[in-house]
Amino acid sequence: MQNRFKKTIYLIILVLGLMVGTALSWVYFYTHPQASSDNQQLLQSLLQYANTAITNDNYACAGKPVKTVGATIASLLELNSTSKINSLSYGCFKQTCTVSVTSCAPWQTNECSSRFLTFTVDDSNNIQPNTFSCFDLP
């Protein structure tokens with residue numbers, strides 16, 4: 001009788017652990033932190049350069065031959081839409097800014113790929129239009 005009671009308790013603990021783990025995984029992958037106003041301003045400024053061409057030396061992205069900032073942003077959004085999980089990220093470190101998307105499931109250790117659009121800003125956070133580059137990482 002006591003052995004059966006212990007098994008029942010262990011089963012209840014296991015089921016509760018699975019439920020909590022599933023709930024925490026869902027919260028982690030399907031909720032997104034609120035974007036800061038600095039990042040929103042960055043994206044608004046970036047879209048002003050949609051028709052800016054990216055030079056051949058700075059373009060190493062596979063796919064469509066249209067080498068503009070707008071086409072690259074569209075490809076990033078298109079790659080991001082292939083998954084239910086938002087894998088689009090953007091931000092700046094010092095004066096180098098990046099918008100990127102990674103197509104990799106959390107459990108994958110290989111066969112992941114990323115696309116990056118990088119550019120620099122000056123001391124006043126103005127985008128330098130001649131610094132745009134696009135590249136893919138396998």
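The values are calculated or read from the model by the stated rules, or taken from the named source; none is laboratory data. What you see is a predicted model; the values in this text were computed from it and never measured. Neighbour counts are summed over all protein chains in view; Cβ atoms, including those assigned to glycine, are modelled from backbone coordinates with ideal geometry. When the accessible area is computed, the model is the full protein with side chains, heavy atoms only, and any ligands, DNA or RNA have been set aside. Shrake-Rupley method; radii C 1.70, N 1.55, O 1.52, S 1.80 Å.
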Do we find that residue 24 is open to solvent by 90 Å² or more (accessible area, probe 1.4 Å) and at pLDDT 90 or above in this structure? no
Are any residues in segment 59-82 crowded, with 18+ Cβ neighbours inside 10 Å and either in a loop (DSSP other than H, G, I, E, B) or in contact with a Gly (Cβ under 7 Å, 6 or more places away or on another chain) (or both), and if so, which ones? 61, 75
List pairs: first residue in segment 86-112 and modelled with pLDDT of 85 or more, second residue acidic (Asp, Glu) and open to solvent by 50 Å² or more (accessible area, probe 1.4 Å) anywhere in the structure, Cβ distance under 7 angstrom, at least six positions apart or on different chains. none
Output the residue which, of all residues in segment 83-97 that are loosely packed, with under 12 Cβ neighbours inside 10 Å and assigned to a loop (DSSP other than H, G, I, E, B), is farthest from the chain's Cα centre (by Cα). 94
Go through the residues of segment 41-53 one by one and say whether even a single one is more than 17 Å from residue 130 (Cβ to Cβ), open to solvent by less than 50 Å² (accessible area, probe 1.4 Å), in contact with a strand residue (DSSP E or B) (Cβ under 8 Å, 6 or more places away or on another chain) and not in a strand (DSSP E or B). yes
With respect to residue 131, determine if the residue is out of contact with any Cys (no Cβ under 8 Å at 6 or more places or on another chain), loosely packed, with under 13 Cβ neighbours inside 10 Å and within 23 Å of residue 41 (Cα to Cα). no
